[in-house]
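Below is one structure, written out as structure tokens; the observations come after it.
The values are calculated or read from the model by the stated rules, or taken from the named source; none is laboratory data. Please read these numbers as outputs of a predicted model, since none were measured by experiment. Backbone-built Cβ (ideal geometry, glycine too); neighbour counts: all protein chains shown.
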Amino acid sequence: MTRYFGDTAVLARKDLRLELRARDTLPAMLLFVLSVLAVFHFALPSGSSRLAEFGLLWVAIIFTALLGLGRAFAAEREQGLLDGLVLAPCDRSAIWLAKGIATLVFLALAEIVALVAFALFFTPVGWATVAGVVLADLGICAVGVLLSAMAAAGRARELLLPLLFLPLALPIVIGGVGASVADHPGRYLAFLALYDAIFALLAWASFEYVVTE
Amino acid sequence: MIRAAGLEKRYGLKRVLRGLDFELQRGGFLVVTGPNGSGKTTLLRLCAGLALPTAGTLEVEPDRSRIGFAGHEPLLYRELTVLENLELYGRLYRVPERRERIGMLLERFGLWESRRERASTLSRGQVQRIALCRSLLHKPDLLILDEPFAGLDDDGAAILDRELAGMRERRTLLVATHDPDRIAPLTSGRLALA
């Protein structure tokens, strides 16, 4: 177990270091989420409901995540590096976990900016929204990294990832919006936690089959 | 040791390898030759565990932790330095005395001076040398090299000649090349793919 988490730490550190050097993903995510929220601010009629406002916040979060997930395996895809990781004698699910951690870091940073911007443009966010975002991030990264690896191996990868990810992200949007606007957000947060648990387990177990032929 | 019987590999409708039988004993050195598209790379990828046979059987010893592989791609992160790339693989392969081993390989392949440079700034020949260092880092029992001389200058090729001669009989070697005569004196067999 120590070995497994050691490998995960080595791989996650590598991904974070690559991003620090190349700055390919995080600046794009930050710019995107700010731009989308600014567009929504001007597009949404004044006096719109909280449901509409929070709905747009979650749309922005999902599409920002999609942007980050599209880059999750960019280095491996562009430089044929997945073979190097697959050949290494580490558990292949450690690759998934490390990519998930790195993507989670980028997404969390983008969302801190997004929630502040949302509070400025629309309405302040409560604890339930923040809790929903945290839980949603875990699910997004668990499912998204698996799908990103699948898309990286395919030909029409730019098309494949959104087509695979968006239907599976639907429960996250439902749970997230529900947690943000409901008077009793507990059951929506529980729903998000259940989604995380199920999909993290499925992605963890199936990742090996995705990266090997 | 590698033992293949009726080995076949298809990509869709295209059959790349057809009913291949061969055996490579421990400590042997098999060179794989053939024209472009004859399936050399596919065979090596099958032996490395990067692809699965469509039909037939393929037994490979040892397991992947003891296999070294250098293929067409150098498997190096362009934004990491030479040292960082080798450190990454050294950690994943749990190389004992990792720093010393990396330093020794870099010296042997004439890369010590470039150790702090990013892989993206190096020439093709230098990148190929690092790829060879990477494949040798964990002292593999089975070394699989796909066109290892590609991109190497005379100095680099001479270093590789010397390395291959030095590891003869200590390691099992499977090498695909267009220039089999170069390593002919070292090899114990040749597999010609059509």
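Checked against the criterion of being at negative phi and surrounded by fewer than 18 Cβ atoms within 10 Å (Cβ to Cβ), the candidates B:ASP153, B:ASP146, B:ASP141 yield just one match: B:ASP153.
Kindly indicate whether A:GLU53 is in contact with a Gly (Cβ under 9 Å, 6 or more places away or on another chain) and at pLDDT below 95. Judged against the criteria, A:GLU53 is not a match.
Evaluate the following for B:GLU84: is it within 14 Å of another protein chain (Cβ to nearest Cβ), in a loop (DSSP other than H, G, I, E, B) and farther than 27 Å from B:LYS40 by Cβ? Criteria not met by B:GLU84. Determine whether B:ARG78 is in contact with a Gly (Cβ under 6 Å, 6 or more places away or on another chain) and either surrounded by fewer than 20 Cβ atoms within 10 Å (Cβ to Cβ) or of a type in the set (Gly, Ala, Ser) (or both). Against the criterion (in contact with a Gly (Cβ under 6 Å, 6 or more places away or on another chain) and either surrounded by fewer than 20 Cβ atoms within 10 Å (Cβ to Cβ) or of a type in the set (Gly, Ala, Ser) (or both)), B:ARG78 does not qualify. Pairing each residue of the range A:102-125 that is more than 12 Å from A:GLU53 (Cα to Cα) with any residue that is part of a helix (DSSP H, G or I) and of a type in the set (Asp, Glu), provided the two are 6+ apart or on different chains, yields C-beta distances under 6 Å for A:ALA102/A:ASP15; A:LEU104/A:ASP137; A:LEU107/A:ASP137. Does B:LEU145 satisfy being in contact (Cβ under 8 Å) with a residue 60 or more places away in the chain and either among the polar types (S, T, N, Q) or away from chain A (no Cβ under 14 Å) (or both)? The answer is no for B:LEU145. Of B:SER188, B:SER114, all but one fail to be closer than 28 Å to A:ALA75 by Cα and hydroxyl-bearing (Ser, Thr, Tyr); the exception is B:SER114. Output yes when any residue across the range B:160-174 is in contact with a helix residue (DSSP H, G or I) (Cβ under 9 Å, 6 or more places away or on another chain), over 19 Å from B:GLY27 (Cβ atoms) and assigned to a loop (DSSP other than H, G, I, E, B), and no when none is. Scanning the range B:160-174, I find no residue that is in contact with a helix residue (DSSP H, G or I) (Cβ under 9 Å, 6 or more places away or on another chain), over 19 Å from B:GLY27 (Cβ atoms) and assigned to a loop (DSSP other than H, G, I, E, B), so the answer is no. Within the range B:23-62, being of a type in the set (Val, Ile, Thr), more than 25 Å from B:LEU152 (Cβ to Cβ) and surrounded by 14 or more Cβ atoms within 10 Å (Cβ to Cβ) holds for B:THR54, B:VAL60.
B:SER65 meets each of the listed conditions (1) surrounded by fewer than 23 Cβ atoms within 10 Å (Cβ to Cβ); (2) more than 14 Å from every other protein chain (Cβ to nearest Cβ) apart from (2).
Here is a yes/no grid of residues against (1) under 16 Å from A:MET29 (Cα atoms); (2) modelled with pLDDT of 90 or more:
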{"site": "A:ASP83", "(1), (2)": "no, yes"}
{"site": "A:GLY126", "(1), (2)": "no, yes"}
{"site": "A:ILE140", "(1), (2)": "yes, yes"}
{"site": "A:ALA152", "(1), (2)": "no, no"}
{"site": "A:ARG155", "(1), (2)": "no, no"}
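Confirm whether B:GLU73 is over 20 Å from the mean Cα position of the chain (by Cα) and either in a helix (DSSP H, G or I) or within 8 Å of another protein chain (Cβ to nearest Cβ) (or both).
Working: over 20 Å from the mean Cα position of the chain (by Cα): no; either in a helix (DSSP H, G or I) or within 8 Å of another protein chain (Cβ to nearest Cβ) (or both): yes.
Against the criterion (over 20 Å from the mean Cα position of the chain (by Cα) and either in a helix (DSSP H, G or I) or within 8 Å of another protein chain (Cβ to nearest Cβ) (or both)), B:GLU73 does not qualify.
Contact annotation: residue pairs with Cβ atoms under 8 Å, 6 or more positions apart or on different chains, pairing a residue in the range B:116-132 that is within 11 Å of B:VAL82 (Cα to Cα) with a partner that is hydroxyl-bearing (Ser, Thr, Tyr) and assigned to a helix (DSSP H, G or I), are B:LEU122/B:SER114; B:GLN126/B:SER114.
This table checks each residue for (1) under 22 Å from B:LEU164 (Cα atoms); (2) touching a Pro at 6+ places or on another chain (Cβ under 7 Å); (3) assigned to a helix (DSSP H, G or I).
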site: B:GLY37; (1), (2), (3): no, no, no
site: B:CYS47; (1), (2), (3): yes, no, yes
site: B:GLY68; (1), (2), (3): yes, yes, no
site: B:ARG78; (1), (2), (3): no, no, no
site: B:LEU88; (1), (2), (3): no, no, yes
site: B:GLU107; (1), (2), (3): yes, no, yes
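Entry remark, the range A:178-213: residues being surrounded by 13 or more Cβ atoms within 10 Å (Cβ to Cβ), small (Gly, Ala, Ser) and under 18 Å from A:ALA149 (Cα atoms) number 3 in total.
Of all residues in the range A:1-37 being part of a helix (DSSP H, G or I) and among the polar types (S, T, N, Q), which is farthest from A:THR123 (Cα to Cα)? Applying the filter and picking the extreme gives A:THR2. For the range A:148-166, the set of residues classified as farther than 18 Å from A:GLU78 by Cβ and touching a residue at least 24 places away in the same chain (Cβ under 8 Å) consists of A:PRO162, A:PHE165, A:LEU166, listed by residue number.
Let me confirm something: among B:ARG26, B:ARG99, which residue is assigned to a helix (DSSP H, G or I) and basic (Lys, Arg)? Spell out how you get there, then give the answer.
Details: B:ARG26 fails: assigned to a helix (DSSP H, G or I).
Among B:ARG26, B:ARG99, only B:ARG99 is assigned to a helix (DSSP H, G or I) and basic (Lys, Arg).
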